[in-house]
(Lines give C-alpha, C1' and ligand atoms only; values in the text may rest on other atoms or scores of the structure.)
Protein backbone atom coordinates (compact mmCIF):
# COMPACT_ATOMS: atom_id res chain seq x y z
CA UNK A 1 0.00 0.00 0.00
CA UNK A 2 1.38 3.38 -1.03
CA UNK A 3 1.52 6.17 1.52
CA UNK A 4 0.12 8.64 -1.02
CA UNK A 5 -2.62 7.44 -3.36
CA UNK A 6 -3.20 9.49 -6.47
CA UNK A 7 -6.33 9.22 -8.57
CA UNK A 8 -7.13 8.77 -11.27
CA UNK A 9 -4.02 7.03 -12.51
CA UNK A 10 -4.74 8.10 -16.11
CA UNK A 11 -6.94 10.87 -17.45
CA UNK A 12 -7.56 11.80 -21.09
CA UNK A 13 -9.72 14.82 -21.86
CA UNK A 14 -10.46 17.32 -24.61
CA UNK A 15 -9.06 20.82 -24.67
CA UNK A 16 -11.29 23.22 -22.76
CA UNK A 17 -12.59 20.72 -20.23
CA UNK A 18 -12.13 21.03 -16.48
CA UNK A 19 -10.61 18.30 -14.34
CA UNK A 20 -9.65 17.47 -10.77
CA UNK A 21 -7.00 15.02 -9.60
CA UNK A 22 -6.61 13.82 -6.06
CA UNK A 23 -3.86 12.91 -3.63
CA UNK A 24 -4.99 11.01 -0.52
CA UNK A 25 -3.39 9.50 2.52
CA UNK A 26 -4.13 8.35 6.04
CA UNK A 27 -1.00 10.14 7.25
CA UNK A 28 -0.68 13.78 8.25
CA UNK A 29 1.76 15.93 6.29
CA UNK A 30 3.62 19.02 7.44
CA UNK A 31 3.66 20.19 3.82
CA UNK A 32 2.60 18.90 0.45
CA UNK A 33 3.93 19.68 -2.98
CA UNK A 34 2.62 19.19 -6.52
CA UNK A 35 4.99 18.62 -9.42
CA UNK A 36 4.48 18.24 -13.17
CA UNK A 37 6.79 15.97 -15.11
CA UNK A 38 6.95 16.01 -18.91
CA UNK A 39 8.36 13.13 -20.97
CA UNK A 40 12.14 13.02 -20.86
CA UNK A 41 12.36 15.54 -18.05
CA UNK A 42 12.48 15.59 -14.28
CA UNK A 43 9.59 16.80 -12.09
CA UNK A 44 9.13 20.56 -11.85
CA UNK A 45 7.60 22.05 -8.71
CA UNK A 46 4.23 23.76 -9.18
CA UNK A 47 3.24 24.63 -5.61
CA UNK A 48 3.85 23.95 -1.93
CA UNK A 49 0.96 24.01 0.56
CA UNK A 50 1.56 24.06 4.28
CA UNK A 51 -1.59 25.09 6.16
CA UNK A 52 -4.67 22.87 6.49
CA UNK A 53 -7.47 24.22 4.27
CA UNK A 54 -5.04 26.32 2.24
CA UNK A 55 -5.97 27.13 -1.35
CA UNK A 56 -3.42 28.35 -3.87
CA UNK A 57 -4.02 29.40 -7.45
CA UNK A 58 -1.54 29.35 -10.29
CA UNK A 59 -3.28 30.73 -13.38
CA UNK A 60 -5.77 28.00 -14.36
CA UNK A 61 -4.56 25.60 -11.64
CA UNK A 62 -6.12 25.57 -8.17
CA UNK A 63 -4.51 23.56 -5.38
CA UNK A 64 -6.20 22.73 -2.10
CA UNK A 65 -4.75 21.19 1.04
CA UNK A 66 -7.24 19.29 3.18
CA UNK A 67 -8.22 20.66 6.58
CA UNK A 68 -6.60 17.69 8.31
CA UNK A 69 -3.49 17.92 6.09
CA UNK A 70 -3.99 14.34 4.87
CA UNK A 71 -5.11 15.02 1.32
CA UNK A 72 -4.92 17.48 -1.53
CA UNK A 73 -6.54 18.20 -4.86
CA UNK A 74 -5.50 19.90 -8.06
CA UNK A 75 -8.18 21.44 -10.26
CA UNK A 76 -7.44 22.61 -13.78
CA UNK A 77 -9.85 24.92 -15.55
CA UNK A 78 -10.13 24.94 -19.35
CA UNK A 79 -7.33 22.44 -19.86
CA UNK A 80 -4.90 23.00 -22.71
CA UNK A 81 -2.61 20.56 -24.55
CA UNK A 82 0.33 22.17 -22.76
CA UNK A 83 -1.05 20.83 -19.49
CA UNK A 84 -0.28 17.29 -20.63
CA UNK A 85 2.11 15.51 -18.29
CA UNK A 86 2.51 13.42 -15.15
CA UNK A 87 1.25 15.19 -12.05
CA UNK A 88 2.94 14.07 -8.85
CA UNK A 89 2.10 14.91 -5.29
CA UNK A 90 4.73 14.66 -2.59
CA UNK A 91 4.22 15.07 1.13
CA UNK A 92 6.50 15.53 4.11
CA UNK A 93 5.31 13.13 6.80
CA UNK A 94 4.48 15.16 9.88
CA UNK A 95 6.32 13.13 12.49
CA UNK A 96 9.69 12.89 10.78
CA UNK A 97 9.60 15.12 7.66
CA UNK A 98 10.39 12.17 5.38
CA UNK A 99 9.31 13.10 1.86
CA UNK A 100 7.08 10.60 0.05
CA UNK A 101 5.78 10.71 -3.51
CA UNK A 102 2.60 9.40 -5.05
CA UNK A 103 2.71 7.36 -8.27
CA UNK A 104 1.18 10.23 -10.22
CA UNK A 105 -1.74 11.01 -12.51
CA UNK A 106 -0.89 10.94 -16.19
CA UNK A 107 -2.94 13.63 -17.91
CA UNK A 108 -3.42 13.90 -21.67
CA UNK A 109 -5.23 16.92 -23.10
CA UNK A 110 -6.24 16.44 -26.71
CA UNK A 111 -6.56 19.45 -29.04
CA UNK B 1 16.39 24.29 -17.33
CA UNK B 2 16.32 23.78 -13.55
CA UNK B 3 20.02 24.25 -12.84
CA UNK B 4 20.55 20.53 -12.28
CA UNK B 5 22.23 18.55 -15.06
CA UNK B 6 22.60 14.81 -15.40
CA UNK B 7 24.80 12.72 -17.69
CA UNK B 8 24.39 10.54 -19.54
CA UNK B 9 20.74 11.00 -20.46
CA UNK B 10 20.47 7.42 -21.66
CA UNK B 11 22.52 4.37 -20.69
CA UNK B 12 22.31 0.74 -21.74
CA UNK B 13 24.50 -1.69 -19.86
CA UNK B 14 24.98 -5.38 -19.34
CA UNK B 15 24.75 -7.02 -15.95
CA UNK B 16 28.53 -7.36 -15.70
CA UNK B 17 29.34 -3.76 -16.64
CA UNK B 18 30.44 -0.95 -14.34
CA UNK B 19 29.17 2.52 -15.11
CA UNK B 20 28.62 5.81 -13.31
CA UNK B 21 25.87 8.41 -13.41
CA UNK B 22 26.79 12.03 -12.85
CA UNK B 23 24.79 14.91 -11.45
CA UNK B 24 25.84 18.54 -11.17
CA UNK B 25 23.90 21.41 -9.66
CA UNK B 26 24.57 25.09 -10.37
CA UNK B 27 22.20 26.48 -7.71
CA UNK B 28 24.52 26.76 -4.72
CA UNK B 29 22.52 24.13 -2.85
CA UNK B 30 23.97 21.98 -0.10
CA UNK B 31 21.76 18.90 -0.26
CA UNK B 32 21.64 16.41 -3.12
CA UNK B 33 19.46 13.35 -3.69
CA UNK B 34 19.21 10.25 -5.86
CA UNK B 35 15.76 8.90 -6.72
CA UNK B 36 14.63 5.89 -8.75
CA UNK B 37 11.49 6.26 -10.88
CA UNK B 38 9.92 3.08 -12.25
CA UNK B 39 6.76 2.87 -14.32
CA UNK B 40 3.55 3.18 -12.29
CA UNK B 41 5.45 3.36 -9.00
CA UNK B 42 6.17 6.34 -6.75
CA UNK B 43 9.57 7.95 -6.82
CA UNK B 44 11.82 6.02 -4.48
CA UNK B 45 14.37 8.00 -2.49
CA UNK B 46 17.71 6.19 -2.61
CA UNK B 47 20.33 8.45 -1.03
CA UNK B 48 20.58 11.91 0.55
CA UNK B 49 23.71 13.96 1.01
CA UNK B 50 23.79 17.14 3.07
CA UNK B 51 27.00 19.17 3.02
CA UNK B 52 28.73 16.18 1.39
CA UNK B 53 27.74 13.82 4.19
CA UNK B 54 25.42 10.93 3.48
CA UNK B 55 22.41 11.33 5.73
CA UNK B 56 20.10 8.69 4.27
CA UNK B 57 20.45 5.31 2.63
CA UNK B 58 17.03 3.80 2.14
CA UNK B 59 18.01 0.13 2.11
CA UNK B 60 19.53 0.41 -1.33
CA UNK B 61 21.43 -2.68 -2.57
CA UNK B 62 25.19 -2.38 -2.48
CA UNK B 63 25.39 -2.64 -6.27
CA UNK B 64 24.49 1.08 -6.14
CA UNK B 65 27.27 3.16 -4.63
CA UNK B 66 26.92 6.94 -4.25
CA UNK B 67 29.73 9.46 -4.09
CA UNK B 68 29.55 13.15 -3.26
CA UNK B 69 32.97 14.82 -3.63
CA UNK B 70 31.55 18.32 -3.06
CA UNK B 71 28.20 20.05 -2.68
CA UNK B 72 27.84 20.56 -6.42
CA UNK B 73 28.53 17.05 -7.68
CA UNK B 74 26.92 13.70 -7.04
CA UNK B 75 27.72 10.36 -8.60
CA UNK B 76 25.99 7.00 -8.61
CA UNK B 77 28.35 4.13 -9.35
CA UNK B 78 26.70 1.03 -10.78
CA UNK B 79 28.02 -2.52 -10.91
CA UNK B 80 26.51 -5.97 -11.48
CA UNK B 81 23.04 -4.55 -11.90
CA UNK B 82 19.92 -6.60 -12.54
CA UNK B 83 17.29 -6.07 -15.27
CA UNK B 84 14.81 -4.91 -12.60
CA UNK B 85 17.14 -1.98 -11.93
CA UNK B 86 16.11 -0.51 -15.28
CA UNK B 87 14.43 2.81 -14.52
CA UNK B 88 14.76 6.58 -14.71
CA UNK B 89 17.30 7.77 -12.15
CA UNK B 90 16.68 11.31 -11.01
CA UNK B 91 19.01 13.62 -9.17
CA UNK B 92 17.72 16.56 -7.14
CA UNK B 93 19.19 19.32 -5.02
CA UNK B 94 17.86 21.67 -2.37
CA UNK B 95 18.93 24.35 0.06
CA UNK B 96 18.45 22.41 3.27
CA UNK B 97 19.61 23.79 6.62
CA UNK B 98 22.71 22.12 7.98
CA UNK B 99 21.97 21.86 11.68
CA UNK B 100 18.20 21.66 11.92
CA UNK B 101 18.04 17.95 11.29
CA UNK B 102 14.91 16.72 9.61
CA UNK B 103 12.85 19.67 10.87
CA UNK B 104 14.70 21.95 8.49
CA UNK B 105 13.40 19.99 5.52
CA UNK B 106 9.76 20.89 6.20
CA UNK B 107 9.29 23.27 3.29
CA UNK B 108 12.52 22.54 1.50
CA UNK B 109 12.08 22.66 -2.30
CA UNK B 110 13.88 20.10 -4.41
CA UNK B 111 14.97 20.87 -7.96
CA UNK B 112 15.23 17.86 -10.23
CA UNK B 113 17.51 17.09 -13.12
CA UNK B 114 16.19 15.53 -16.35
CA UNK B 115 17.20 12.05 -15.30
CA UNK B 116 19.20 9.19 -16.77
CA UNK B 117 17.15 6.50 -18.48
CA UNK B 118 18.94 3.27 -17.55
CA UNK B 119 18.35 -0.05 -19.28
CA UNK B 120 20.03 -3.17 -17.92
CA UNK B 121 20.16 -6.07 -20.36
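Summary table below
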quantity	calculated
Among the residues listed as A:103, A:79, A:90, the single one being crowded, with 16+ Cβ neighbours inside 10 Å and closer than 20 Å to residue A:17 by Cα	A:79
Tally, over region A:9-34, of residues that are closer than 11 Å to residue A:105 by Cβ and within 13 Å of chain B (Cβ to nearest Cβ)	4
Long-range neighbours under 6 Å by Cβ, at least six apart or interchain, first residue loosely packed, with under 13 Cβ neighbours inside 10 Å within region B:1-19, second part of a loop (DSSP other than H, G, I, E, B) and modelled with pLDDT under 95	B:14/B:121
Which listed residue is in a loop (DSSP other than H, G, I, E, B) and at pLDDT below 90, from B:42, B:114	B:42
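The values are calculated or read from the model by the stated rules, or taken from the named source; none is laboratory data. None of the values given here were measured: they were computed from a predicted structure. Glycine also receives a Cβ, built like all others from the backbone with ideal geometry; neighbour counts cover every protein chain displayed.
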